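Some notes on the structure that comes next.
The values are calculated or read from the model by the stated rules, or taken from the named source; none is laboratory data. Predicted model only: the values in this text are computed from it and were never measured. Cβ coordinates were reconstructed from backbone atoms using ideal geometry, including for glycine residues, and neighbour counts include every protein chain displayed. What goes into the accessible areas is simple: the full protein's heavy atoms, side chains included, and nothing from ligands, DNA or RNA. Shrake-Rupley method; radii C 1.70, N 1.55, O 1.52, S 1.80 Å.
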Amino acid sequence: MMPGDKRDIIVVEDLVKRFGSFVANDHLNFRVSRGEIFGFLGANGAGKTTAIRILCGLSKPTSGKVLVAGQDVGTRPEKVKRSIGYMSQRFSLYEDLTVTENIRFYAGIYGLGPALIRERTAALLHRLELEHAADKLISSLPLGWKQKLAFSLAIFHEPAIVFLDEPTGGVDPVTRRQFWDLIYDAASKGITVFVTTHYMDEAEYCDRVCIMVDGRIEALGSPEELKARMGAADMDEVFVKLARKAIPRTEQV
Amino acid sequence: MKTAVRVWELEKRYGSTLALDGLDFSIGSGELFGFIGPDGAGKTSLFRILTTLLLPDRGGAAVLGMDVVRDLREVRKVIGYMPGRFSLYQDLSVKENLSFFATVFGTTVAENYELVRDIYGQIEPYRDRLAGKLSGGMKQKLALSCALIHRPGILILDEPTTGVDAVSRREFWDMLQRLRDEGLTILVSTPYMDEASRCDRVALMQSGRILGMDSPAAIAASFPKPLYKLRAGDMYRLYGALREFPATASVYRFGQDLHLTAGQGMIPDQDLLPYLQAQGLDDVVVAPCTPGIEDCFMELLSENQNQHDARR
């Protein structure tokens, strides 16, 4: 186990992030447990990306305490980066490298040894049924395969947490659901999944959901709790009820 | 009904990839028509051909009676096009962008202001702001205003709502429906299945082909099997159990429910519930379910896959 590996894998206390006079994150407070699937929702411009960049050690909080896998993101961002995985919608695969070359590259960056890389590569290709495509260029693969591979690479070094930023954009509905099978697999192995999405049905698949409005956390709880609290039939209705309250901040004069 | 768009035997290849695999269809004047499918389905290739930006390899298309290859100059005058990526000039202001697009088409903002009043009016208070500094929702409104300002005979919008949050998406579709009510023909593509219900007719696309094309209600009505929705305290275990259930044809997560299709003779009370109880799942609620577009898309996808495999 990693140092500081307790039940709460993410601890955020009074997180504030300002850009000049603009408050992008306004006193955020939340905790995420080990193995939890945590949905992070909000309208465009609500402050999600700012918060994720801080949690990944890419940006320093203006004030407040943020611990990720037991490490302080403000003072030890490099430690944080080593214990997380990250996948964005514009995936991070190299189009002009083959599948196995991409795997070797990522595993090398995270310091895995050759024997371990070989073993995990074989297991990964088998699990994704990609053995036949091992030597194909990424650019020749269908989008759905790329997404599954990008996710598998994001957790290849067995991080404590994986951040997924709109991972299922643009794929067909079957592939989108297969992607969630991978998310459940990862969570069942104890990897914490921190995911953003614009698909409200996917919000229902999370253990807990946090909804940001205008830089603040407007709601936090399990989908069942939020639906009951808002008197809503589904998460789409919860989201619309909360997000409608927002003042479009970039439109303030 | 007059025909606004006609497409025949349309094919487009990129190297060995068949992006459009022989499309044939017509769209009537005044329709709000949706092309629904994932990335790589061929939506953008189709729209680029219809907007004269790409040449077909075989077959052809006509927009408002004009051929997209032979009459390309005339076609360009009558279409309003909003490409998938934000196409405005980031370093021009809101007002400058709008007048630029009006000028290019030989008109003025004043002449056609009436057309964009509803939409442009919402962003007009920020007319001096640079387009690059706008929020996503405002960019969308400006891009739509720019596509409308020359009074086009048809509007072609390539994934205008991709990456946009659920609330802004709703507002955008409200705007499109108002334009349609005023008689404008609108073609719009989207990867979001739930937006199908906002269209008069839709084409469900995958891998360069149209899997189905009709009104959303007719597509839903054509779903070939009984469909059930199920819920239990432990959805993860329920999902696993249903995947192992011998009569299962398909089982998919659908938000807070699972959707199940099964072989024709399956009776839930007699066959399914006892099976689940035997696995310790005794709080399962099962009910018949009205198929949505996403159910239909996945069903068509698997039928298509089976035909494809059979042909091999």
Worksheet entry | Set of segment B:176-217 residues, backbone N closer than 13 Å to the point 7 Å along the Cα-Cβ line of B:Lys2 | B:183-185
Worksheet item: Against the longest alpha carbon principal axis of chain A, how many degrees, from 0 to 90 and to the nearest 10, is the axis of helix A:99-109 turned?
Response: 70
Worksheet item: By the scheme Lys and Arg +1, Asp and Glu -1, what is the net charge of all other residues having a beta-carbon under 14 Å from that of B:Met82?
Response: +3
Item to complete: Mind giving me the FRET efficiency for B:Asp269 and A:Arg127? R0 is 45 Å, r the Cβ-Cβ distance, nearest 0.05 is fine.
Response: 0.75
Fill in: Normalised per residue, the volume of the convex hull around the Cα set of chain A (Å³)
134
Worksheet, complete the sentence: Once A:Lys65 and A:Arg244 are pulled to full extension, the length gained, defined as 0.36 nm per residue separation minus their Cα-Cα distance, is 61.5 nm
Worksheet item: With Cβ to Cβ distances under 9 Å as the rule, what net charge do the other residues near B:Leu281 carry (K, R +1; D, E -1)?
Response: -2
Worksheet entry | segment A:93-158, accessible surface, carbon-and-sulfur percent (1.4 angstrom probe) | 55
Discussion item. Below 8 Å, C-alpha to C-alpha, sequence gap of six or more: please give me the relative contact order for segment A:93-158 in percent.
Written reply: 52
Fill in: Selection of trypsin sites (Lys or Arg not before Pro), segment A:62-114, meeting DSSP coil and at most 10 other Cβ within 10 Å
A:Arg90
Worksheet item: Between segment A:157-194 and segment B:111-158, how many Å separate their Cα centres?
Response: 37
Worksheet item: Calculated FRET efficiency, B:Ser26 and B:Arg85, Cβ-Cβ r, R0 30 Å, to nearest 0.05?
Response: 0.55
Worksheet item: Where the convex hull is taken over the Cα atoms of segment A:93-158, what is its projected area averaged over directions, in nm²?
Response: 3.8
Worksheet item: Per residue, what accessible area does segment B:40-93 have, given a 1.4 Å probe and all protein chains present, in Å²?
Response: 51
Practice prompt. Could you provide, to the nearest whole Å², the per residue accessible area of segment A:93-158 with probe 1.4 Å?
Written response: 52
Worksheet item: If r is the Cβ-Cβ distance from A:Gln89 to B:Gln277 and R0 is 41 Å, what FRET efficiency results, to the nearest 0.05?
Response: 0.45
Worksheet item: Where in segment B:226-264 does accessible area fall by at least 30 Å² between the isolated chain and the complete protein assembly, at a 1.4 Å probe radius?
Response: B:Tyr236, B:Tyr252, B:Arg253, B:Gly255, B:Gln256
Response to the item:
Here the relative contact order (percent) of chain B, from C-alpha pairs under 8 Å and at least 6 apart, is 19
Item to complete: At 7 Å along the Cα-to-beta-carbon direction for both A:Glu119 and A:Val16, put a label point, then send me their distance in nm to one decimal.
Response: 4.9
Worksheet item: For the residue pair B:Lys77 and B:Glu171, what label-to-label distance in nm results when each label sits 7 Å from Cα along the Cα-to-beta-carbon direction?
Response: 3.6
Practice prompt. For segment A:170-229, divide the Cα radius of gyration by the Kirkwood radius and give the resulting Rg/Rh value with two decimals.
Written response: 1.00
Worksheet entry | Rel. contact order, % - alpha carbon contacts under 8 angstrom, at least six apart, chain A | 25
Worksheet item: For segment B:85-122, which trypsin sites (Lys or Arg not before Pro) are in a loop by DSSP, counting at most 13 other Cβ atoms within 10 Å?
Response: B:Arg85
Worksheet entry | Most mobile listed residue (B:Leu157, B:Leu54, B:Leu176) in chain B, GNM with C-alpha springs under 10 Å | B:Leu54
Worksheet item: Stretched out fully, how many nm does the piece from B:Val285 to B:Asp181 gain, at 0.36 nm a residue minus the Cα gap?
Response: 33.3 nm
Worksheet, complete the sentence: Cα extents of segment B:57-180 along the principal axes, largest first, in whole Å, come to 43, 32, 27
Fill in: Inter-probe distance in nm under a simple model that places probes 7 Å from Cα toward Cβ, at B:Ser222 and B:Val104
3.7
Response to the item:
Within the under-11-Å Cβ sphere about B:His150, not counting B:His150, Lys/Arg +1 and Asp/Glu -1 give a net charge of +2
Worksheet entry | Where only C-alpha atoms are counted, convex hull volume of the protein assembly as shown per residue in Å³ | 171
Discussion item. Which positions within segment B:84-127 get 30 Å² or more of their accessible surface covered by the other protein chains, compared to the chain by itself, with a 1.4 angstrom probe?
Written reply: B:Tyr126
Discussion item. At a cut-off of 40 Å², which residues of segment A:146-189 become less accessible once all protein chains are present than in their chain alone, using a 1.4 Å probe?
Written reply: A:Gly170, A:Asp172, A:Pro173, A:Val174, A:Arg177, A:Asp181, A:Tyr184
Item to complete: Name the most mobile residue of A:Arg127, A:Arg208, A:Arg76, meaning the one with the largest mean-square fluctuation, in a Gaussian network model of chain A with Cα contacts below 10 Å.
Response: A:Arg127
Worksheet, complete the sentence: Ignoring ligands and nucleic acids, chains B and A bury, in total, an accessible area (1.4 Å probe) to the nearest 100 Å² of about 2700
